[in-house]
Amino acid sequence: LHPLTGNGGQGWAFGEPLHLSAIARLVEGTPGVDHATWLRMTLDGAHVGDAARPGPNALVSSGDHQLTLTIGGDR
């Protein structure tokens, strides 16, 4: 989610939304990851659904992460 080199190497434009499907592609494209069964995205501590929409003068960047890994079973 680097603001200059993320988004497929293009970087992010100011105010450009981040879609949950982009996060899913990053996670599932990680070597050793088979699939993700559940993803959730928040912006400023609030659940945002399928897209995080930063303000018009904001850039997408990586913040705090919380990962829960399940091996061989349900979440």
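What the table shows:
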quantity	calculated
Residue, nearest to I71 (Cα to Cα), within the range 1-25, restricted to residues that are open to solvent by 100 Å² or more (accessible area, probe 1.4 Å) and of a type outside the set (F, W, Y)	R25
Hey, A36 open to solvent by less than 90 Å² (accessible area, probe 1.4 Å), free of Cβ contacts under 8 Å to residues at least 40 places away in the same chain and either part of a loop (DSSP other than H, G, I, E, B) or in contact with a strand residue (DSSP E or B) (Cβ under 6 Å, 6 or more places away or on another chain) (or both) or not	yes
Residue that is under 14 Å from the mean Cα position of the chain (by Cα) and modelled with pLDDT of 85 or more, where the choices are G49, G9	G49
Any hit, the range 13-27, residues being basic (K, R), outside any loop (DSSP other than H, G, I, E, B) and at negative phi	yes
Number of the condition not met by W38 [criteria: (1) in contact with a Lys or Arg (Cβ under 6 Å, 6 or more places away or on another chain); (2) at pLDDT 85 or above]	(2)
Residue satisfying all of: in the range 39-58; part of a loop (DSSP other than H, G, I, E, B) and without any contact (Cβ under 8 Å) to a residue 24 or more places away in the chain; farthest from G8 (Cα to Cα) among these	G45
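The values are calculated or read from the model by the stated rules, or taken from the named source; none is laboratory data. Computed from a predicted structure; not experimentally measured. Ideal geometry is used to build each Cβ from the backbone, glycine not excepted, and the neighbour counts take in all protein chains shown. What goes into the accessible areas is simple: the full protein's heavy atoms, side chains included, and nothing from ligands, DNA or RNA. Shrake-Rupley method; radii C 1.70, N 1.55, O 1.52, S 1.80 Å.
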